[in-house]
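Student: If you scroll down you'll find the structure; I have some questions about it.
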Amino acid sequence: MHLGAGSYADPAAVERRVVAFLKSIRDEAEALYMLGDVLDYWYEYRNCVPQGFVRFFGALAELADSGVKIYWYAGNHDVWLYDYLSREIGITIVDPPAGGDIREIGGVEFFLGHGDGVGELSAFMRIARKTFRNRLCRILYGAIHPRWTIGFARGCSRRSRAHGSQPEVAEAERKRSEKALADFSVAFSRSRPDVRYIVLGHHHRPAEMQVTPQCRLFVLGAWDDSNPAYGVFDGKEMRLVRFKSPLD
């Protein structure tokens, strides 16, 4: 979702679309799994959190209060999730060291993760994952006043997105990520043939791939357009669904 991203022409409209989606599933969802980069930037200081996202957090609180279990997997943009949302809303924060974890949902085995930590990683992603999760680096970063860190982080995000949007860079990254996902999925499925679905985010392009006769890969895509995708498991089958917002 990358809520708060400076690249959005109307960030408030994206948040309203997400809130409309959360309200639409309130009466039928058993659990909600958010697979990272939900926010474009997030760092919880001991006594303060970044501004914004009030309607989004309110919609999550309504879901939790109605009995929906909510799991938030840390992505590379919202890796610094600590205990604030767990205490305030009841969200379960998940940051598995292997880039994902195996969960049984309705008797079916899933591998769920953000997607930045699986497959063959670029040198930049390897360094970033180690740095962002290093305890000393977190302490030192948290010691800097938010007026500096928030602006710095958002500036890095803008520059990275601008670089990645160049046609030749985007095409090279698309080919690299598709190969990395395919190679990872095949190898993982061979090692864990009991897993029926591999579900990831991070790559911004919704996709499906039959990995083996027993296992299928789903990439959820992003919410930066007016027809975003999300995944639904009805107890029998997993599928990608396009959300038609009443606000669009």
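Student: May I ask you to list pairs of residues, at least six apart or on different chains, whose Cβ atoms are under 9 Å apart, with the first in segment 229-243 being hydrophobic (A, V, I, L, M, F, W, C) and the second being open to solvent by 40 Å² or more (accessible area, probe 1.4 Å) and not in a strand (DSSP E or B)?
Tutor: Qualifying pairs under 9 Å: Ala229/Pro206; Phe233/Gly106; Leu240/Pro206; Phe243/Ser24; Phe243/Asn227.
Student: Any residue at all in segment 79-93 that's out of contact with any helix residue (DSSP H, G or I) (no Cβ under 7 Å at 6 or more places or on another chain), within 14 Å of Leu3 (Cα to Cα), without any contact (Cβ under 8 Å) to a residue 60 or more places away in the chain and not acidic (Asp, Glu)?
Tutor: no
Student: For residues in segment 205-220 being surrounded by fewer than 20 Cβ atoms within 10 Å (Cβ to Cβ) and within 18 Å of the chain's Cα centre (by Cα), which is modelled with the highest pLDDT?
Tutor: In this case the residue turns out to be Glu208.
Student: Another question, if that's okay. Collect the residues in segment 49-69 that are in contact (Cβ under 8 Å) with a residue 40 or more places away in the chain and open to solvent by less than 60 Å² (accessible area, probe 1.4 Å), keeping them in residue-number order.
Tutor: Pro50, Gly52, Phe53, Phe56, Ala59, Leu63, Val68 - these are the residues of segment 49-69 that are in contact (Cβ under 8 Å) with a residue 40 or more places away in the chain and open to solvent by less than 60 Å² (accessible area, probe 1.4 Å).
Student: With respect to Trp72, determine if the residue is farther than 24 Å from Phe110 by Cα, in contact with a Phe, Trp or Tyr (Cβ under 9 Å, 6 or more places away or on another chain) and either buried (at least 21 other Cβ atoms within 10 Å of the Cβ) or at pLDDT below 95 (or both).
Tutor: So Trp72 does not fit the description; no.
Student: If you don't mind, another one. Could you please give the count of residues in segment 75-109 that are in contact with a strand residue (DSSP E or B) (Cβ under 8 Å, 6 or more places away or on another chain) and crowded, with 22+ Cβ neighbours inside 10 Å?
Tutor: Matching residues across segment 75-109 total 5.
Student: Then there's this: Where residues in segment 221-245 are in a loop (DSSP other than H, G, I, E, B) and open to solvent by less than 30 Å² (accessible area, probe 1.4 Å), which of them is nearest to Phe188 (Cα to Cα)? Walk me through it before giving the result.
Tutor: Going through segment 221-245, the residues in a loop (DSSP other than H, G, I, E, B) turn out to be 221-228, 234-237, 243-245.
From what's left, open to solvent by less than 30 Å² (accessible area, probe 1.4 Å): 221-223, 228, 243, 245.
On the way: Gly221: 21, Ala222: 24, Trp223: 27, Pro228: 27, Phe243: 30, Ser245: 35 Å.
Per the stated criteria, the residue is Gly221.
Student: Something else now. Somewhere in segment 37-57, is a residue more than 26 Å from Pro146 (Cα to Cα), outside any helix (DSSP H, G or I) and either among the aliphatic types (A, V, I, L, M) or touching a Lys or Arg at 6+ places or on another chain (Cβ under 8 Å) (or both)?
Tutor: no
Student: Only residues that are charged (D, E, K, R) and not in a helix (DSSP H, G or I): list them for segment 58-76, please.
Tutor: Correct list: Lys69 only.
Student: In addition: Looking for something surrounded by fewer than 18 Cβ atoms within 10 Å (Cβ to Cβ), of a type in the set (Val, Ile, Thr) and assigned to a strand (DSSP E or B) - is there at least one such residue anywhere in segment 192-201?
Tutor: No: zero hits.
Student: Out of Pro228, Pro193, I need the residue that is modelled with pLDDT of 85 or more, out of contact with any Gly (no Cβ under 6 Å at 6 or more places or on another chain) and closer than 20 Å to Ile102 by Cβ. Which one?
Tutor: Pro193
Student: When both residues are 6+ apart or on different chains and their Cβ atoms are under 8 Å apart, which pairs have a first residue that lies in segment 9-33 and is hydroxyl-bearing (Ser, Thr, Tyr), and a second that is surrounded by 15 or more Cβ atoms within 10 Å (Cβ to Cβ)?
Tutor: Sorted first by the residue in segment 9-33, then by its partner, the pairs are Ser24/Phe243; Tyr33/Tyr71; Tyr33/Tyr73; Tyr33/Leu112; Tyr33/Val199.
The values are calculated or read from the model by the stated rules, or taken from the named source; none is laboratory data. Just so you know, these numbers come straight off a predicted model, no measurement behind them. Positions of Cβ are generated from backbone atoms using ideal geometry, with glycine treated the same way; all protein chains shown enter the neighbour counts. To get the accessible areas, we keep the full protein, side chains included, count just its heavy atoms, and leave off ligands, DNA and RNA. Shrake-Rupley method; radii C 1.70, N 1.55, O 1.52, S 1.80 Å.
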